[in-house]
Each structure stands twice: as structure tokens, then as C-alpha cells.
1. Within the stretch 101-117, work out how many residues are surrounded by fewer than 19 Cβ atoms within 10 Å (Cβ to Cβ) and closer than 19 Å to residue 50 by Cα.
2. Looking at the stretch 34-49 only, could you name the residues that are surrounded by 13 or more Cβ atoms within 10 Å (Cβ to Cβ) and touching a residue at least 40 places away in the same chain (Cβ under 8 Å)?
3. Out of 159, 172, report the one residue that is part of a helix (DSSP H, G or I) and in contact with a helix residue (DSSP H, G or I) (Cβ under 6 Å, 6 or more places away or on another chain).
4. Out of curiosity, is residue 112 under 30 Å from residue 71 (Cβ atoms), in contact with a strand residue (DSSP E or B) (Cβ under 7 Å, 6 or more places away or on another chain) and in the same structural domain as residue 59 (by TED's automatic domain parsing)?
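The values are calculated or read from the model by the stated rules, or taken from the named source; none is laboratory data. Being a predicted model, the structure only gives us computed values, none of them experimental. Positions of Cβ are generated from backbone atoms using ideal geometry, with glycine treated the same way; all protein chains shown enter the neighbour counts.
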């Protein structure tokens, strides 16, 4: 519930120029304790294959890398020259970011390692591989077998939308089992009120 309130509060922050994302990033960076000048992703001088880097995407990338550095207890003093490139790459090597989401949603791999739900517009970036995750790979994340899944001649946009409509098969099984254990599928009705 706290996350919903925070997202609502941050969504209402608008800079007046129509860029809610800029206001959100400004607030998130302030909460993190880093200035606008601290651009740790830019300092890596890396290109992400398959990604069109707009000012919004660049801002999200820099904020997520700064967040990962703070989690590692380094880089929070706003001294990008004091952290080695190898250390920064080590901090982000298992990080996925959904750059299609507003920053206030914090749609990146958190410390515990469980990624957020994919949507029909999800555009995942894997910082360890420095590339965009292909829509077909999004199906594999959900538990589909790469050897059995065949994709017809459809666009990547359509595949991305289809992957966003799905869910991780293991989660679905866990949910159905939990409902069974709770008696949700009990069809016996004795007519007595409990």
C-alpha cells in the first residue's frame, strides 16, 4: 500500500513542461542522495544494443545504476571518480530494467532479485549484457520451453504484447495450488451457514 501511495504522490509531481518522468527522477535522485551531476551509467561509456537512448531512458539508466551503487554501499558520496568501472559493472551485471515504465514504478531488479511483472509494452534492458531483451526471451522468462515454442511470422511488437499478456507458469501453478489448499475449489455445499 505504501508503494501505491508513493507512486501516486510522485505521479502528481509535474514540472509544468509535461515531463512527469523528469520530476520523478529528480525526486528519486534526491531520496538517493545524489546530484544531477552524478551520471554513473554515462561514465561507463557503453552502448546498449537495440535501445534508442532518449533523455528519459538515459535518466532512468543513470538513476538505476546510482541506486545499485548505493545498495553496494559505494558511490553514494557523489564521487563518480572514486568507483572503478569494474566495480560498477559488477553491481549491475544481474540487473534488468523496464525502460517503458515511469521511474516512480521502480521497474528494475531490486536487491532480492525478483523482477517485476511484464506488461504489453515492456521493454527490458539487461545491464549485464548491455542489450535489450528480445520478445521471444520474455516468453522463456515465463517458463516456456525454447525448444518447443515456435513463433510465427509476426512482428517483435506483437510478440512483446503477447508476452505481456502471459505470466510465469510456476506462479500460476503455485496460485492454483494455494487456492486448492484454502478450499476454493470445494464444490460441496452443505447449506449450513458457518
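1. The total comes to 1.
2. Initial filter on the stretch 34-49 (surrounded by 13 or more Cβ atoms within 10 Å (Cβ to Cβ)): 34, 38-44, 46, 48.
Within the stretch 34-49, 34, 38, 39, 40, 43, 44, 46, 48 meet the criteria.
3. Numbers: 172 fails: in contact with a helix residue (DSSP H, G or I) (Cβ under 6 Å, 6 or more places away or on another chain).
Unique residue meeting the criteria: 159.
4. Working: under 30 Å from residue 71 (Cβ atoms): yes; in contact with a strand residue (DSSP E or B) (Cβ under 7 Å, 6 or more places away or on another chain): no; in the same structural domain as residue 59 (by TED's automatic domain parsing): yes.
The answer is no for residue 112.
Yes/no per residue for (1) more than 22 Å from residue 57 (Cβ to Cβ); (2) surrounded by 13 or more Cβ atoms within 10 Å (Cβ to Cβ); (3) in contact with a strand residue (DSSP E or B) (Cβ under 9 Å, 6 or more places away or on another chain); (4) outside the structural domain of residue 91 (by TED's automatic domain parsing):
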| residue | (1), (2), (3), (4) |
| --- | --- |
| 119 | no, yes, yes, no |
| 127 | no, yes, yes, no |
| 139 | yes, yes, no, yes |
| 162 | yes, yes, no, yes |
| 165 | yes, no, no, yes |
| 168 | yes, yes, no, yes |
| 172 | yes, yes, no, yes |
| 176 | yes, no, no, yes |
| 179 | yes, no, no, yes |
